[in-house]
Every structure is written in C-alpha cells, then in structure tokens.
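Here the structure is laid out as structure tokens; the discussion comes afterwards.
Every number in this text was worked out from the coordinates using simple rules, so none of it is lab data. Nothing here was measured: the structure is a model prediction, and the numbers come from that model. Glycine also receives a Cβ, built like all others from the backbone with ideal geometry; neighbour counts cover every protein chain displayed.
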Amino acid sequence: MKKLITALALAATVTAASPAASLAVQVQASSTNDLAKQDSYGGVTDADKMLTQEGIKYNSFAGSEVPYRNGKPEGIVIHETATPNATAHDEAVYFNREWMNIYSYVHAFVDHTGVIQMMSPDNGTWGAGPQANDRFIQVELCEENNAADFAKGVNNDAIYAANLLHHYGLQPDNAVHDGQGTIWSHHAVSQFLGGTDHTDPDGYFAKWGYSMDDFYNLVKYYYDQQGTTGTSATTEKPANKPAATLPKPTGTKILMHDALVYDEKGNATDAATKKAGTKLTLYGDQTIDGRKYLQIGLNQFVVASNVEGKLRQIKHNAYLYNANGYRIGSDKLYRRNYVRTYGGRVKIAGHKYYQIDVNEFVKVGNF
Ligand SMILES: [Zn+2]
C-alpha cells in the first residue's frame, strides 16, 4: 500500500497571512449560521464529468482507495484548504493533477458556489492520516474573502455533510470534544486519534468568529430538516392524503430564478409563477421531453436549472448587479473562476444577465 501521508502538500501556505485575516472582518457565529440558512445549496458537481467537459483528463483514484474498516464510512472529517484565493475548482484541478506526487486526496472540495466531489465516498481516501482514512469521509472547505461567501461556503459544506449522514445511515454527533461521533475536524483527529498533527479548520473558522460547534449546529439543522420532511409522508393520516399520492419528499431547495409551473407532460399551467427566493419542497426529478424538471407538488414541476443552476466559467472580471440593474458594491468575480447560474438569460434595462443568486446578476458578456 502506498504511504499514507498525514500532511497536505498545500499546508506550506498555512503560515502566509490570509487577506481575509488582514481585513479583520469578524462576524458573530450566530449571524454566520443565520446568513447560511438564507443561502441555497450549490449542489454537487462530479469532478470526473466537470474535468472531462473542460478537456482535462480525470486521474481516477481507483486502485488507491482505502477500504473502510467497517465497510462503510463512520463519519466526516471537516478540513480547510489553507490556500487563500483557491476555489474548489482550482483545488480539484490541482489535486487531480498532483495526487500521485503529493500523496494526498480528499472526497470533495467545497466553496461558496457548491461542492465538487472528487470520488465516491463509498471508499476511503488520503485526507487525515492512517487512523482516520479508513473510517471517515474527507471534505475540504475552501477559503473565502468575505463574510457572505464564507456563509455560503459553510452552508454548502453543512448541507453536503447532512446529506452524507442520511445517505450512510449515520446520526449527527459532534466528535470534537470527546473524540466520539460522526462530525470531526482534522484537529479532533490529531487530538483523539493521532497519526496527523493538523488543526484545521479551527484557525480559519476563528477568523470569521466561527467554530466547529457552530458548524455542527448547522449540520444538525439540515439533518433534522431533511429527516422531518422525509418522514412526514409516512406519519400523515391516510384520510388527509390526496387521491393521487406524491412521492416521498427529497428535501427543500431555494428557487433561484422565477419559474413557471409545468404539469407532468411539460405543459405550462395556470399556476402563479414561482418567485426567486421561494423555498420549495422537492419530490424528486423527472425528465420530460429531454428536459430535467423537479417535482414541487402534485402534478407540479419546475425546470431544474432554475434551482440547480449550471456552472459557467467567468471569462472577464465581473461586477454583480441587482434585479434593477444597479451594481452591488465593488466586489468582483474574477476571471477563470466558476459560478453557478440559474435559469435562462434575463434582460434588465437593455442588458442581458445570468442570475447567480436570488438577487445577484452578472452580465452575459463576462462568461
Ligand atoms: Zn485537514
């Protein structure tokens, strides 16, 4: 078996001052989670598919997987990349290219735009030393430069973690104080299991006034929310059920772009347009005439791209605009980064935009 390393090659950058730290932007932990709960989930992008689309060869980790000691993951280790200004996409490209040289690999990279999954969490990988690699899923959070993006990043991280707990039949249990449970930090692995000496993501979280306890609470929030919607169908009295039954709810998501409501044949209905920002309960998806739809009610569907979006690369540094076409602050999206766009192009005051959040737009010409 290949040497299981305990250190990330990128850790050398950990001593470099982060721009976020020098700005000394501090937000209260409670407000980060409050902010996060307003954000929609960026969803999971498969690295294999993404890289192939970009003409980059996917270097599969297959053959190097670490078998889990119990045959399935026992929890999740939360990491932080310690690499300022590197997006999940940057990290995915780098690790895909270098993992055989740096002896380090993880299951997923997460940033404010979403999750890029590098390999199936059904097998272990090389994230936190020999004590943890055959037990846990390894997830890296990328560094962000402002409080809003930090909240979006932890939100994506927490929803991804909650989904994984459900998927593998695990209960949320904070392991960082007692070394027992399903939600670990790399720091807790160092402290309770050994074989590694990293302390992430504590230092990075602290810059934003955030902690693993806060993160755990956010995971628990989403885990419980999904659990509740998942069981409501079975606890409901039969008499209250409509004649035709809905499939089991699969979760909730925020609609990012105004959307027409379609019936099961893909015909637009008279139902009122669903407004961007509406929280939808979802009942799975369906392809109708080659187009993907999400079911939102009995015989009610919306086009999936209004919720799930599509990753597009920024070609020119781009400002953000609101729904009235006014520029939002001076923050820019930088070229070569990927952002998720929702629904089709929209025209605001004569310009064409893609929507990237409930009230954030980027000019089409920047993609
Ligand atoms: Zn780590």
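Structure above, values below:
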read-out: Computed FRET value (nearest 0.05) for Asp289 with Lys57, which takes r as the C-beta separation and R₀ as 30 Å; value: 0.35
read-out: Contact order normalised by residue count of the stretch 139-212, Cα under 8 Å, 6+ apart, percent; value: 17 percent
read-out: Chain lengthening between Lys248 and Ser31 when straightened (0.36 nm per residue, less Cα-Cα); value: 74.9 nm
read-out: DSSP-defined beta bridges in the stretch 75-209 - what % are antiparallel, rounded to 5; value: 25 percent
read-out: Normalised contact order of the chain, rounded percent, pairs of Cα under 8 Å and 6 or more residues apart; value: 14 percent
read-out: Highest average packing first - 161-171, 325-335, Cβ atoms within 10 Å; value: 161-171, 325-335
read-out: GNM flexibility winner over the chain from Tyr105, Tyr321, Tyr342 (Cα, springs under 10 Å); value: Tyr321
read-out: Fraction of antiparallel bridges per DSSP, the chain only, in percent to nearest 5; value: 70 percent
read-out: DSSP-assigned coil residues among trypsin sites (Lys or Arg not before Pro) in the stretch 254-292, each with at most 12 further Cβ atoms within 10 Å; value: Lys265, Lys275
read-out: Label-reachable residues, the stretch 161-176, where backbone N falls under 19 Å from a point 7 Å from Asp213's Cα toward its Cβ; value: 172-176
read-out: Angle in degrees between helix 29-38 and the longest Cα principal axis of the chain, rounded to the nearest 10; value: 40 degrees
read-out: Ranked by how many other beta carbons lie within 10 Å on average, peptides 67-78, 126-137, 208-219 from highest; value: 126-137, 208-219, 67-78
read-out: Gaussian network model of the chain, springs between alpha carbon atoms under 10 Å - residue of Ala88, Ala318, Ala271 with greatest fluctuation; value: Ala271
read-out: Angle between the chain longest axis and helix 88-102 axis [Cα atoms, degrees, rounded to 10]; value: 30 degrees
read-out: In Hz, Karplus ³J(HN,Hα) per residue of the stretch 56-72 (6.51, -1.76, 1.60; θ = phi - 60°; x = Gly, Pro); value: 9, 5, 7, 8, 4, 7, 3, x, 10, 4, 9, x, 5, 5, 9, x, 8
